[in-house]
Amino acid sequence: RDFNERCVQCSEVNWGLTDGGRFYCRSCHNVTERTREVVNTDFITNSRVQSITKGLKKQEKTDGGCEWYICEGFQLVLKKQVEALEALGVCPQMKDEILCNFWRCYLQKSKQAYCKRPAGETVKALSVCGSSTDVDSDPERPSLLHLLSLSESEGDLQTDCSFASSVSKVSESTSVYSGSVDGSLYLMKNQKEKLRMTMPMTLSFCYMALLWVREPITLSELLRFVVEGHIPYLNVFQHFPEKMKLCGLDLKIFCVESWPTYEEVFDKMHELAAFLDLPRFPDITESCFLHPDMLCMKYLMEANLPDELHNWTCRVVKKIGIGEVDFLTLMPGNKSRRKVKYDVLATAVIVVVLKLLFLLDDHYEWLLSEFAEERNKNNTEGGPYFEFKKWYEVVKHSLDVEQKKLDEERAKYLWRCEKPLFYSVKNKSKVLKRRQMVVNLQNQFGKLSGSVQRAEKPNPSSFQLRWSEENTDGSCFHGYSLKGILQEKRGLLTAMNPDYWLCTVKLCNEKLCGHLAHYREVEFPQSYHFVLRLFSFLLRIQPAYIHDEVCMIEHKLFNKKLCKKLKYNTVLRK
Amino acid sequence: SSNEHKLNFKKSKEACLSYIQDALLQKQWKRAAEFLTCYVESLEKDYSREHIGASEIIWRIGTEILWHHSQSNMKEFNCFMEQMKTLGVKRYLKVCLEHVFHLLCNGQIDEAYQNLSLAESWRFGEQTAIQDKEMKLIQAYRGLLDYCSWSKQKNILLEHGEDGFSDLAVEQEMHGYFRKAAVNLKEIIKIPGVWDVFVRCYVDLLEFYGDHNEARQVLNEYAYNSKFPANPNAHVYLYQFLKRQGESKKSLISALKILHDIVPSHELMIDFNTMLQKSKKRKKRRLGLEVIFAALDYAGWKENAKAWSCLARQVKQIVISEKHLDWIKQEWDSRKDWWPAFHFSRYLAKRNWQENKSLSFEKALVAGILLGKDCKYFKYVSHQGCKAQLKRFRMLKKFVTRHNAVYLRISG
């Protein structure tokens with residue numbers, strides 16, 4: 001149906017399917033190697049895989065294992081992840097239609113399956129775990145890893161045959177192996193062409209699918225859920241079936257020891273979208289969760305800021321055009337447009353609005369606060385006026401508490417899991433012994449930890465900071481009025497603050513140095529840093545990235561004035 | 001984008017470790033245990049590239065926590081130590097030794113002895129040779145425990161001896177312990193190091209069995225062999241031994257000489273000065289003056305009446321003989337700028353007089369000679385003394401007044 005290539009013999013596009021599932025040209029009866037895509041996200045058995053590839057040496061497996069390919073492993077990982085997302089409430093189409101198709105498309109484009117293998121690339125299974133040549137299992141000399149770092153820096157190696165021979169040149173006693181069939185080949189492949197799959201990239205896949213269906217989960221939330229354990233990532237290989245033995249180089253691929261950063265997943269996602277030749281993503285309109293107006297509402301609530309600020313964020317969004325459908329919707333491969341980080345953008349808008357209203361130069365906001373306090377005393381009707389000082393005290397306190405909790409959680413994070421992994425069978429008993437000792441020690445010291453038990457995973461929630469209006473202690477500012485800091489001018493309410501300072505007068509070239517501006521805490525007012533810190537905590541990213549977006553927004557907002565003004569770092573009048 | 005802030009295994013464990021360290025410093029054992037529970041998985045470094053060196057950290061921290069935690073007991077502690085012994089073969093003997101120390105601190109001498117014996121019989125290929133030093137220590141401590149047993153038997157024997165009983169079995173046992181102890185103690189003190197307790201015990205054994213030559217040799221080696229680190233105690237032990245042996249003043253003096261050089265403030269300086277003062281040799285008397293002045297440079301000696309009396313006696317003797325005033329001048333030259341405020345202030349005069357009249361007496365004499373009769377200290381004390389109608393103070397006043405010119409010659 002969707003196979004549009006011209007037949008090699010007769011150049012017609014007229015395909016049918018044989019009984020064996022292969023395409024044949026109806027005009028000249030030329031049978032191809034292409035097979036029909038099968039809707040099957042389950043674990044692919046070896047028989048099917050072998051029918052695709054040629055020249056595969058069958059290895060005897062005495063340990064009950066089977067032959068499996070790296071991409072099959074990743075497929076399992078994705079399956080687990082999307083099931084977890086489903087459990088969180090994401091629509092079921094994501095799994096069966098969206099992600100599945102993305103994955104198949106990826107496999108096809110990267111020529112790992114669903115295609116004929118290009119000539120000259122035979123998959124030779126190098127010796128498997130448990131073979132006669134023993135690897136030096138002394139952890140002091142990880143020759144295996146040394147070998148790996150060798151191969152990556154050597155650049156292009158044409159075939160794995162030459163690789164195998166270079167292996168033997170390096171060291172007679174070591175042999176490169178993995179539980180999977182193509183583990184070594186996988187790591188050695190030239191990445192540039194084919195966008196090699198990695199663990200962080202599984203999250204890029206997830207995010208891409210979420211974006212496609214426009215689910216109300218931002219990337220920062222997704223990553224937070226991953227760290228909190230609601231979406232499998234670390235140690236997901238635990239769920240591989242027994243017969244899929246993991247050892248040797250597989251560990252390097254599947255066992256990660258770090259959390260991927262926002263930027264990493266984000267950039268990879270865009271790379272992936274371009275690689276897959278995807279069309280324009282579904283439109284992000286005003287009613288979408290990811291639209292800045294919506295996200296601003298969310299973050300305003302979470303930051304305990306008055307609802308009235310929403311009018312201001314909407315104004316800024318409108319003025320600089322970042323609410324436009326064309327700006328927000330993803331066009332894969334379009335390098336001229338800046339890629340949109342929806343959550344970071346929304347928080348940056350809020351920061352700009354705060355700067356507009358309160359200046360945040362470590363002086364004005366406090367004076368203004370006192371002023372509002374005075375006005376508040378005479379305020380008899382309507383809601384209380386918002387005072388920056390009170391807000392700062394309440395939010396700072398909560399933020400410090402939560403940050404401290406987060407830091408401790410990070411330090412207490414348990415990275416290893418019950419399923420032991422080892423490079424070689426020779427290592428196995430040592431690894432198991434160590435595991436046993438670790439468990440013993442955990443029990444012994446766990447008992448001495450007192451009443452503090454490891455809390456159960458908290459339920460996943462969209463909000464990390466919660467403020468309730470029912471509290472009578474005045475710690476929730478949602479309903480507060482901005483009138484305390486506004487003034488009436490010609491029938492309109494405008495900010496009392498007449499000034500604004502730019503974060504940077506000139507933007508950097510993002511492609512060259514990775515940032516639009518370079519944030520250093522000491523160079524900016526502390527109130528500004530506090531606000532960045534607050535949103536940085538909520539999004540779990542570095543303040544510098546929010547700062548970048550703030551700079552971008554400011555330059556759009558004050559574009560005309562910037563063009564006119566000189567290079568002095570002066571305070572501009574609005 | 002920079003990956004500096006990326007949270008990974010290594011950083012997570014580093015953070016965990018710093019929480020543990022904070023908790024330990026604040027003696028929050030529960031909290032330390034809580035974080036250590038999360039830290040122990042760093043032992044599983046099979047696929048981690050970074051070598052964290054976790055096993056030593058876990059051993060040391062775990063030991064601290066288990067030792068201090070209120071809910072921990074020796075059983076838990078021992079169980080933990082056994083695990084630690086299997087953790088790193090390169091550290092095996094060290095762990096054994098520290099375990100033994102803890103057992104000793106807890107009064108479990110027998111268990112400690114068992115552990116030492118067990119450790120002594122440990123063999124592990126080339127590691128045995130590499131950990132040779134630890135092995136010697138283990139043998140030395142076993143020797144020490146043997147000495148303790150010997151000592152116990154000796155006391156029993158002495159008691160029985162008083163009662164008129166003679167106990168052959170006890171005696172045999174005692175000799176047995178002596179042999180075992182002597183062998184090991186002798187070995188360790190051959191190696192350059194600080195072995196005070198081993199030396200003392202060994203010398204005790206030798207003296208008991210009458211081998212004074214060996215004892216003397218051991219002590220000389222310990223004190224004078226330049227390969228050994230400078231150790232004041234070595235000279236103290238030698239001195240005490242020589243004194244017990246009734247050696248001549250000459251050898252006693254020579255034993256203390258180096259001690260004076262290393263630790264001028266040592267308490268034996270009084271004995272030293274006393275011996276030197278009485279010597280017929282001028283050089284020795286001169287040295288005696290130097291010694292006592294040097295000792296009194298230290299704050300810990302300020303209120304030592306005995307020391308002041310030594311100095312007073314010597315100063316008085318010099319003044320009366322009218323010979324060697326230049327000795328006093330030499331000693332006083334470097335001290336005249338700060339001794340007055342340090343020792344002879346009016347405040348101290350008052351306090352000394354209130355708290356210790358003998359002290360003030362001796363000091364007043366010295367002050368009067370060094371600073372003249374009009375100095376604050378002397379004036380106050382002698383005035384008080386005469387007011388209280390104490391005879392010796394009147395004598396003092398006369399003496400100092402008579403020799404008042406001396407201070408001019410000394411300070412000029």
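Only the coordinates and a few stated rules stand behind these numbers; no lab work does. Source: prediction; values computed, not measured. Cβ atoms come from the backbone with ideal geometry, glycine included; neighbour counts cover every protein chain shown.
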Mind checking B:26-32 for the average number of partner chain beta-carbons within 10 Å of each residue's beta-carbon? 2
Peptide A:256-265, shielding by other chains (average Cβ, 10 Å cutoff): 4
Rounded to one decimal in nm, the spacing of the 7 Å Cα→Cβ label points at A:HIS478 and B:LYS227 is 8.2 nm
Among B:ASN213, B:ASN155, B:TYR113, the residue whose Cα sits farthest towards the positive end of the charge dipole of chain B, when +1 is placed on the Cβ of each Lys and Arg and -1 on the Cβ of each Asp and Glu, is B:ASN213
First check a/c for segment A:287-434, with a ≥ b ≥ c the square roots of the eigenvalues of its C-alpha gyration tensor; if it is under 1.5, answer rounded, and if not, answer prolate when a/b is larger than b/c or oblate otherwise. oblate
Run the dipole for segment B:183-267 about the Cα centre, Lys and Arg Cβ at +1, Asp and Glu Cβ at -1, nothing else charged, and hand back the magnitude in debye, nearest 20. 220 debye
Taking chain B as the reference, fit the longest principal axis to its C-alpha atoms, fit the long axis of helix B:357-371 to the helix C-alpha atoms, and give the angle between the two in degrees, 0 to 90, nearest 10. 70 degrees
Förster radius 56 Å - calculated FRET efficiency between B:LYS27 and B:ARG282 (Cβ-Cβ, nearest 0.05): 0.40
Cβ-placed point charges (K, R +1; D, E -1), dipole of chain B about Cα centre in debye, nearest 20: 3740 debye
Counting only helical runs of four or more DSSP H residues, what would the 222 nm mean residue ellipticity of chain B come to if each run contributes -39,500 (n - 2.57) and the total is spread over all its residues? -23500 deg cm²/dmol
At a Cα cut-off below 26 Å, give the lysines reachable from A:LYS390, other chains included and same-chain residues fewer than 8 away excluded. A:LYS298, A:LYS355, A:LYS377, A:LYS404, A:LYS405, A:LYS483
Report the far tail of the P(r) of segment B:238-390, meaning the percent of Cα-Cα pairs longer than 23 Å. 38 percent
Separation in nanometres of the label points that stand 7 Å from Cα toward Cβ, at A:ASN311 and B:ARG313: 10.0 nm
Decide, for segment A:361-509, between rounded, prolate and oblate: order the square roots of the alpha carbon gyration tensor eigenvalues as a ≥ b ≥ c, take rounded if a/c falls under 1.5, and otherwise choose prolate if a/b is larger than b/c, else oblate. prolate
Highest mean first, what order results for A:343-350, A:304-311, A:404-411, B:350-357 on Cβ atoms within 10 Å? A:343-350, A:304-311, B:350-357, A:404-411
Residue-averaged beta-carbon neighbours from other chains (10 angstrom radius) around B:17-24: 1
Cut-off 12 Å (backbone N to label point 7 Å along Cα→Cβ of B:ILE191), residues of segment B:96-137: B:129-137
Of B:176-182, B:249-255, ordering from highest average Cβ density within 10 Å down gives B:176-182, B:249-255
Degrees, to the nearest 10: B:54-68 long Cα axis against longest axis of chain B: 60 degrees
Subtracting the Cα-Cα distance from 0.36 nm times the residue separation, let me have the gained length for B:ARG351 to B:PHE208 in nm, one decimal. 46.7 nm
For the peptides A:531-539, A:481-489, B:196-204, what is the packing order when you average, over each peptide's residues, the other Cβ atoms within 10 Å and list the highest mean first? A:531-539, B:196-204, A:481-489
Theoretical FRET efficiency, 1/(1+(r/R0)^6), r = Cβ-Cβ of A:TRP501 and A:VAL439, R0 60 Å, to 0.05: 0.60
Taking the Cβ-Cβ separation of B:GLU64 and A:LYS318 as r and a Förster radius of 56 Å, what is the calculated FRET efficiency to the nearest 0.05? 0.35
Multiplying the sequence separation of B:SER121 and B:GLU162 by 0.36 nm and subtracting their Cα-Cα distance, what value in nm do you get? 10.7 nm
Using 7 Å Cα-to-Cβ label points, what is the A:GLU370/A:GLU271 separation (nm, one decimal)? 5.4 nm
Using the Cα centre as the reference, give the magnitude of the dipole from point charges on the C-beta atoms of segment A:230-353 (Lys, Arg: +1; Asp, Glu: -1; all else neutral), rounded to the nearest 20 debye. 300 debye
